[in-house]
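S.K.: Have a look at this one.
Where a number appears in this text, it was derived from the coordinates with a stated rule and is not lab data. Note that this is a predicted model, so its numbers are computed, not measured. FYI the Cβ positions are ideal-geometry reconstructions off the backbone, even for glycines, and counts take in every protein chain you see.
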């Protein structure tokens with residue numbers, strides 16, 4: 001079990017790595033049927049004529065898989081990884097058979113003015129494919145609780 | 001079939017509405033098992049002691065369901081709804097039984113300097129619950145193709 005992290009345990013510049021996982025064509029199509037039914041996520045043959053030149057995963061699936069890697073192996077925040085929002089970029093698509101991993105960094109720590117038990121942590125997570133090319137950059141604002149606030 | 005929209009068909013201030021859909025506890029738990037396995041998304045009883053006071057959907061599921069409503073009934077972009085990235089905020093959680101709908105607005109249109117066949121459209125989509133409270137605000141940068149560029 002990894003150590004559980006409170007606000008006091010974090011410092012700007014701290015880094016975490018997690019993953020990897022490999023995404024199949026079947027998983028791409030299944031997610032697309034439920035949440036993003038566009039032809040370049042559903043049909044490998046039809047997708048050849050799209051701007052992607054072949055089947056690609058929904059960006060929201062890349063985001064969801066990034067979250068899974070964060071929860072399973074990223075920074076183990078004591079009260080959970082709770083996002084208030086953030087910025088997201090998808091510089092290139094994820095394709096069937098790609099193997100993804102993540103690298104995260106603490107960018108900024110802002111203790112709450114109104115609530116002593118928490119702070120906002122700006123947490124940047126880059127998702128890479130097997131060629132170490134970034135496929136997603138997520139700069140999230142996380143609500144992280146303090147050890148002091150619970151005592 | 002709705003009209004297919006090219007870059008020339010869009011104007012700042014244009015609005016679109018879509019939805020609704022209702023999310024069940026079962027769907028929340030299933031998504032969480034696959035992508036966001038945290039106790040406040042998995043276990044209604046345990047979630048009572050979380051900051052949410054009960055089971056809530058992963059923000060990524062709210063994002064994915066918003067995408068589904070966009071694709072099924074939002075703005076019908078001619079070559080698909082293709083996001084390069086954007087900003088995301090989750091002002092309040094989605095709970096089992098919530099019924100969601102979306103309202104979108106064209107915020108900015110930036111024709112590409114290097115490629116005559118496309119532009120970037122800043123497209124804001126707010127997801128509301130049945131009390132008309134925003135649960136997600138997504139300001140996405142979409143790649144939208146022009147009719148002129150294909151001729």
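S.K.: In nm², what is the average projected area of the convex hull enclosing the Cα atoms of region A:52-119?
M.R.: 5.9
S.K.: Moving on. When only alpha-carbon atoms count, how far does chain B stretch along each of its three principal axes, as whole angstroms with the largest first?
M.R.: Principal extents (Cα only, largest first): 58, 27, 24 Å.
S.K.: Suppose you put the label 7 Å out from Cα in the Cβ direction; list, shortest first and in nm with one decimal, how far residue B:149 is from each other copy's label.
M.R.: Listed shortest first, these distances are 4.5 nm.
S.K.: Inter-copy label distances at residue A:26, 7 Å along the Cα→beta-carbon direction, one decimal in nm, shortest first?
M.R.: In nanometres, ordered from closest: 2.2.
S.K.: So, in Å, what gap is there between the alpha-carbon centers of region A:1-26 and region A:40-99?
M.R.: Value for the Cα centre distance between the two parts: 16 Å.
S.K.: Return the average number of partner chain Cβ atoms within 10 angstrom of each residue Cβ along peptide A:85-93.
M.R.: 5
S.K.: What distance in nm separates the two pseudo spin-label positions at residue A:45 and residue A:15, each 7 Å out from Cα along the beta-carbon direction?
M.R.: Taking the two extended label points, one gets 4.6 nm.
S.K.: For the protein assembly as shown, compute Rh as the Kirkwood radius over C-alpha pairs and then the Stokes-Einstein diffusion coefficient at 37 °C and 0.692 mPa s; write the answer in µm²/s, rounded to an integer.
M.R.: 164
S.K.: Only helical DSSP H runs with n ≥ 4 go in: add -39500 (n - 2.57) per run for the protein assembly as shown, normalise by residue count and round the 222 nm mean residue ellipticity to 500 deg cm²/dmol.
M.R.: Calculated at 222 nm, the ellipticity per residue is -6000 deg cm²/dmol.
S.K.: Percent relative contact order of chain B, based on C-alpha pairs within less than 8 angstrom and at least six residues apart?
M.R.: 29
S.K.: Counting only other chains, and only Cβ atoms inside 10 Å, what mean value do you get across the residues of B:54-60?
M.R.: Neighbouring Cβ atoms belonging to other protein chains average 3 per residue here.
S.K.: Any chance you could give the angle, 0 to 90 degrees and rounded to 10, that helix B:25-35 forms with the longest Cα principal axis of chain B?
M.R.: Its long axis makes an angle of about 70 degrees.
S.K.: Let me ask another. Could you pull the copy-to-copy label distances for residue B:134, with points set 7 Å along Cα to Cβ, in nm to one decimal and sorted shortest first?
M.R.: Result, one decimal in nm: 2.6.
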